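Chemist: Here's a structure for you.
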Amino acid sequence: MPKNGYETAQAVRDTIYRASLALDDFSWQDWLDLCAPDEFHYMITSFSPEIGKNMIYLQGSWKEMKLMVDMLPKHNTDHSPLHRHTSVYTVDVSADGKTAEAVSSVVIYQNMLDGINSHIDSGESRLFLVGKYHDQFKIEDGVAKFTKRDTRLGNRRLDKGSHYPI
Amino acid sequence: MPARNHSQWMAKPPLADDEWIDSRIYSDQEIFEDEQEKIFKHVWVPVCHESELPKAYDFRTTSIAGEPVIICRGPDDEVRAFLNVCPHRGMLIERRPSGSFLEGQPSGNPKRITCMFHAWQFDMKGNCVYVAREKEGYQDRFCKEQAGLRRLRCEVKFGGFVWVNLDDKPSVSLEDWAGAPFECLRKTLDEEPLEIFHYHKAVIDTNYKLWHDTNSEFYHDFMHYHNRVTGFNDAYFARNNEAFPHGHVVVGTFEVNYENYEGFESRGELSFPHLPPNQWYMIDLFPGFNFNLRGSALRCDTVTPLGPDKVMIEFRGLGLKSDTEEERITRINHHNSIWGPFGRNLHEDLIGVAGQGTTMRPGTEERRILHGRQENQTIHDENGMRHYYEEWGRWVDRSPSQPDQAYSVRQGVAAAE
């Protein structure tokens, strides 16, 4: 880790946690503002022991993710908000201090609003997804911006309510 | 008409008998048990794709009507199916969803299907080849030659899907069961090997037939912004809903305009063999299996009913085995954009059937479910569901609109025939 590695690692953590807050709030633009527009690549992946394959469930560039979230109002959706509990496990800063990689654990709860019967289900929180964020960053002026996020899910069972970037 | 009082609400709809059904067929425990016994234990089920067990000694496990099933590829390259049940004390033999028997297990040898409980071992043809301390325990009264697995009817067909039937003597062969509806895609699916690239499942609190209904009727395209902007044109509304024997339906094709959805692209360059660009075929097989080809990717849905108000749906996505890495990625992106768990359409379909499940839970008042749209058997005609429920009535011997009465051909069907 370079001389200023501690501060850079802190900047990386700050960006990861701010991204979790932005995604929890459906503040898509705030999330995209944490990503480098020309480089960012987003993926949701999972390994399926059932078919013995690494799978891609969703992927896109910054522009493609922007298009996707801009189109969300035109689509029907479950209205239950998601809450991410993110824990940054490792941050590795490159020798020149210009890039970094991080691995975080993420547990996502669905705070039921629609549910199956909202009269009964609303207000309850259910475990929704578990996985890890494998992130890459570029560091400029002490700020870490995402250049890549691979959300590696443990789930292959995904019921309704999975309409958004995770 | 203004909002109705209770007797108006419960009255028979002013439609032909086959144009509505009683919602108890979606919620009644006894009917669910009838369906398991009378339908699912006797029909051909596409349990997986052969590319899920590509090498000799690969296996895959599944279940049909509550019966655990194991699929194996033998050293002779044959794919076989057995009950995944040890003939000794009924232990589930293989507990993993997939794997290879090339490696030995703690209780058994390589190249054997081993029951971990008492180390009984079987070969890939289901022969019992080892009973631990056989002579000491059974003397000459019982031997491994009498302890083979329960074999099941199994065929690889229609694009490499593995079909299993629990019935030793099915009423019709697989070809006679599904050959006619698959005719529209037979050349396409059999031209070259396919390969699976996507798997996920959903467990939804709804009846399995409601999922199949949604796959069979396209009137719900009003729910899908994507389908409205890429589809609604004269060619779309002219698509045929064609009924086939055994309750199957095929929805005819047209050219989808994917570019009309912001950010999406034509799929023409990766069309499946023998198809013009951007075609969309749908094959719905009774009682709940769906093959959906949108130009560059094939989707297969398999339902496993878990109760009158609970279903597991397995979603598979397939491309061509010959795909380059770049082609495969593009196919996956096309597949995911609509059908992936984070895609535009599938999620909306799941919300739709979950909502139906909410209003038709066991114990709720029966409802009149309308299947009465008549549009010359084109895309928004509900003839697919009407055709399905006549087949359903015959299998369970119940009237779909009066399920506590025995089946008889309903008014609209009789008139049509």
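Chemist: Using the alpha-carbon centroid of each, what span in Å lies between the range B:1-67 and the range A:126-166?
Modeler: The two parts, judged by their Cα centres, are 36 Å apart.
Chemist: Translational diffusion coefficient, Stokes-Einstein: compute it for the range A:5-153 using the Kirkwood radius over C-alpha pairs as Rh, at 4 °C and 1.567 mPa s, and state it as an integer in µm² s⁻¹.
Modeler: On the way: Rh = 16.5 Å.
In µm²/s, the coefficient is 79.
Chemist: Okay, next question. Step through the residues of the range A:131-138 one at a time and calculate ³J(HN,Hα) from phi using the Karplus curve (6.51 cos²θ - 1.76 cosθ + 1.60, θ = phi - 60°), rounding each to whole Hz and writing x for Gly and Pro.
Modeler: After applying 6.51 cos²θ - 1.76 cosθ + 1.60, I find x, 9, 8, 10, 10, 10, 9, 10 Hz.
Chemist: Right, something else. Just round it to a whole percent: the fraction of Cα-Cα distances in the range B:210-349 exceeding 21 Å.
Modeler: On the way: 4121 of 9730 pairs.
Taking all Cα-Cα pairs of the range B:210-349, the fraction more than 21 Å apart is 42 percent.
Chemist: Here's a follow-up. With only Lys, Arg, Asp and Glu charged, each at its Cβ (+1 for the first two, -1 for the last two), find how big the charge dipole of the range B:53-155 is about the Cα centre; round to the nearest 20 debye.
Modeler: Dipole magnitude for the range B:53-155 comes out near 180 debye.
Chemist: So who's got an amide H within less than 5 Å of the one on A:PHE47, skipping anything under 5 residues away but keeping other chains? H placed 1.01 Å off N, in plane.
Modeler: Hits under the 5 Å cutoff: A:MET55.
Chemist: Follow-up question, since we're still on this one. List the cysteines in chain B whose Cβ has no other cysteine Cβ under 4.7 Å from it.
Modeler: Lacking a cysteine Cβ partner under 4.7 Å: B:CYS48, B:CYS72, B:CYS128, B:CYS143, B:CYS154, B:CYS184, B:CYS300.
Chemist: I would also like to ask the following. Where the centroid of each part is defined by its Cα atoms, how far is the range B:239-301 from the range A:32-103 in Å?
Modeler: If we compute the Cα centre of each part, the gap is 30 Å.
Chemist: Under a 10 Å cutoff between Cα atoms, tell me which one of A:MET55, A:MET65, A:MET43 has the largest fluctuation in the Gaussian network model of chain A.
Modeler: Between A:MET55, A:MET65, A:MET43, it is A:MET55 that shows the largest mean-square fluctuation.
Chemist: Now, a different point. Would you mind checking the tilt of helix B:346-359 against the longest principal axis of the Cα atoms of chain B, expressed as 0 to 90 degrees and rounded to 10?
Modeler: Compared with the principal axis, the helix lies near 80 degrees.
Chemist: Using Cα-only point scatterers and the Debye equation, what is log10 of I(q)/I(0) for the protein assembly as shown at each q in 0.09, 0.11, 0.12 Å⁻¹, rounded to two decimals?
Modeler: With no solvent term, the Cα-only Debye profile gives -0.78, -1.12, -1.28.
Chemist: If R₀ is 56 angstrom, what is the calculated FRET efficiency for the pair B:ARG4 and B:ARG150, using the beta carbon separation as r and rounding to 0.05?
Modeler: 0.55
Chemist: Sequence neighbours fewer than 8 away in the same chain don't count; with that in mind, list the aspartates and glutamates whose C-alpha is under 16 Å from B:LYS310.
Modeler: A:ASP159, B:ASP28, B:GLU30, B:GLU33, B:ASP34, B:GLU35, B:ASP205, B:ASP213, B:ASP301, B:ASP349
Chemist: In sequence order, what are the phi-derived ³J(HN,Hα) couplings for the range A:120-130 according to the Karplus relation 6.51 cos²θ - 1.76 cosθ + 1.60 with θ = phi - 60°, rounded to whole Hz, with x for glycine and proline?
Modeler: 9, 8, 4, x, 8, 10, 10, 5, 10, 9, 10
Chemist: Could you work out [θ]222 nm for chain A from helices alone, using -39500 (n - 2.57) per DSSP H run of at least four and dividing by all its residues? Round to the nearest 500 deg cm²/dmol.
Modeler: -7000 deg cm²/dmol
Chemist: Roughly how crowded by other chains is peptide A:152-162, in terms of the mean Cβ count from those chains within 10 Å of each of its Cβ atoms?
Modeler: 6
Chemist: Next question. Could you list, in their original order, any pairs among B:LYS41/B:LYS125; A:LYS53/B:LYS321; B:LYS41/B:LYS321; A:LYS132/B:LYS209 whose Cα atoms are separated by more than 24 Å?
Modeler: The answer is B:LYS41/B:LYS321; A:LYS132/B:LYS209.
Chemist: Let me ask something else about it. Once fully extended, how much extra length lies between B:GLU191 and B:HIS118, figured as 0.36 nm per residue of separation less the alpha-carbon to alpha-carbon distance?
Modeler: Answer, rounded to one decimal: 21.7 nm.
Chemist: Per the helix-only calculation at 222 nm, which mean residue ellipticity applies to chain B, given -39500 (n - 2.57) for every DSSP H run of n ≥ 4 and division by its residues, nearest 500 deg cm²/dmol?
Modeler: The helix-only estimate for chain B comes to -7000 deg cm²/dmol at 222 nm.
Chemist: Summarise the long-distance tail of P(r) for chain B by giving the % of C-alpha pairs beyond 40 Å.
Modeler: The calculated P(r) of chain B puts 22 percent of pairs beyond 40 Å.
Chemist: I would also like to ask the following. For the range B:1-48, how big is the tail of P(r) above 17 Å, as a whole percent of Cα pairs?
Modeler: 61
Chemist: I would also like to ask the following. Report the relative contact order of the range A:1-106, percent, no decimals, based on alpha-carbon pairs under 8 angstrom and at least 6 residues apart.
Modeler: 33
Chemist: How big is the range B:53-155 along each principal axis, measuring the range of its Cα positions in Å and listing the largest first?
Modeler: Over the range B:53-155, Cα extents along the principal axes are 40, 30, 22 Å.
Chemist: Pop the C-beta distance of B:GLN374 and B:PHE222 into the FRET formula with R0 = 22 Å and round what comes out to the nearest 0.05. Write down the numbers at each step before the final one.
Modeler: Numbers: r = 18 Å, r/R0 = 0.81.
Once rounded, the FRET efficiency stands at 0.80.
Chemist: To the nearest 0.05, how large is the calculated FRET efficiency for B:THR324 and B:SER173 if R₀ is 41 Å and r is the Cβ-Cβ distance? Display every interim value, and only then the final one.
Modeler: Numbers: r = 37 Å, r/R0 = 0.91.
Here the calculated transfer efficiency is 0.65.
Chemist: If you don't mind, another one. Restrict the search to the range B:229-302; then list the GluC sites (Glu not before Pro) that DSSP places in a loop and that have at most 16 other Cβ atoms within 10 Å of their Cβ.
Modeler: B:GLU262, B:GLU265
Chemist: Whole-Å semi-axes of the range B:330-389's equivalent ellipsoid, largest first, each the root of 5 times a Cα gyration tensor eigenvalue? Mind showing how you got there, number by number?
Modeler: Details: eigenvalues 157, 83, 12 Å².
For the range B:330-389, the semi-axes come out at 28, 20, 8 Å.
Chemist: Evaluate the distance, in nm, between pseudo-label points positioned 7 Å from the Cα of B:PHE142 and of A:GLU124 along their respective Cα→Cβ axes.
Modeler: 4.5
Chemist: Also, I was wondering about something else. For the range A:58-118, compute Rh as the Kirkwood radius over C-alpha pairs and then the Stokes-Einstein diffusion coefficient at 4 °C and 1.567 mPa s; write the answer in µm²/s, rounded to an integer.
Modeler: My calculation gives 86 µm²/s for D.
Chemist: Taking each pair of distinct Cα atoms in the range B:183-416 once, what is the resulting Kirkwood hydrodynamic radius in Å?
Modeler: Result for the range B:183-416 stands at 18.6 Å.
Chemist: List the residues of the range A:123-166 whose backbone N lies under 12 Å from a point placed 7 Å from the Cα of A:GLU39 along the Cα-to-Cβ direction.
Modeler: A:136-141, A:143-149
Chemist: How large is ³J(HN,Hα) for each residue in the range B:318-335, as worked out from phi by the Karplus curve 6.51 cos²θ - 1.76 cosθ + 1.60 (θ = phi - 60°), to whole Hz, x for Gly and Pro?
Modeler: Working through the residues one at a time gives 9, x, 8, 4, 7, 3, 6, 4, 5, 4, 4, 4, 5, 4, 4, 4, 4, 4 Hz.
Chemist: Students often check this: by mean Cβ neighbours within 10 Å, which of B:299-305, B:91-97, B:51-57 ranks highest, and how do the rest follow?
Modeler: B:299-305, B:51-57, B:91-97
Chemist: Using only the alpha-carbon atoms, how far is helix B:383-396 inclined from the longest principal axis of chain B? Give it as 0 to 90 degrees, nearest 10.
Modeler: Its long axis makes an angle of about 50 degrees.
Chemist: When only DSSP loop residues count, what trypsin sites (Lys or Arg not before Pro) in the range B:140-179 have their Cβ near at most 14 other Cβ atoms within 10 Å?
Modeler: When the trypsin sites (Lys or Arg not before Pro) of the range B:140-179 are filtered for loop state and at most 14 Cβ neighbours within 10 Å, B:ARG141 remain.
Chemist: Can you list the lysines whose alpha carbon is less than 22 Å from that of B:LYS135, not counting same-chain residues fewer than 8 positions off?
Modeler: Partners found: B:LYS144.
Chemist: Got a sec? Which residues in the range B:10-27 would a label at B:THR359 touch, if it sits 7 Å along Cα→Cβ and we count backbone N under 17 Å?
Modeler: B:10-14, B:20-27
Chemist: Multiplying the sequence separation of B:ARG96 and B:LEU15 by 0.36 nm and subtracting their Cα-Cα distance, what value in nm do you get?
Modeler: 24.2 nm
Chemist: Sticking with this structure for a sec: Report, in degrees rounded to the nearest 10, the 0 to 90 angle that the Cα long axis of helix A:5-24 makes with the longest principal axis of chain A.
Modeler: So the inclination is approximately 20 degrees.
Only the coordinates and a few stated rules stand behind these numbers; no lab work does. What you are looking at is a predicted structure, and each value in this text was computed from that prediction instead of being measured. Cβ sites come from the backbone with ideal geometry, for glycine too, and all protein chains shown count toward neighbours.
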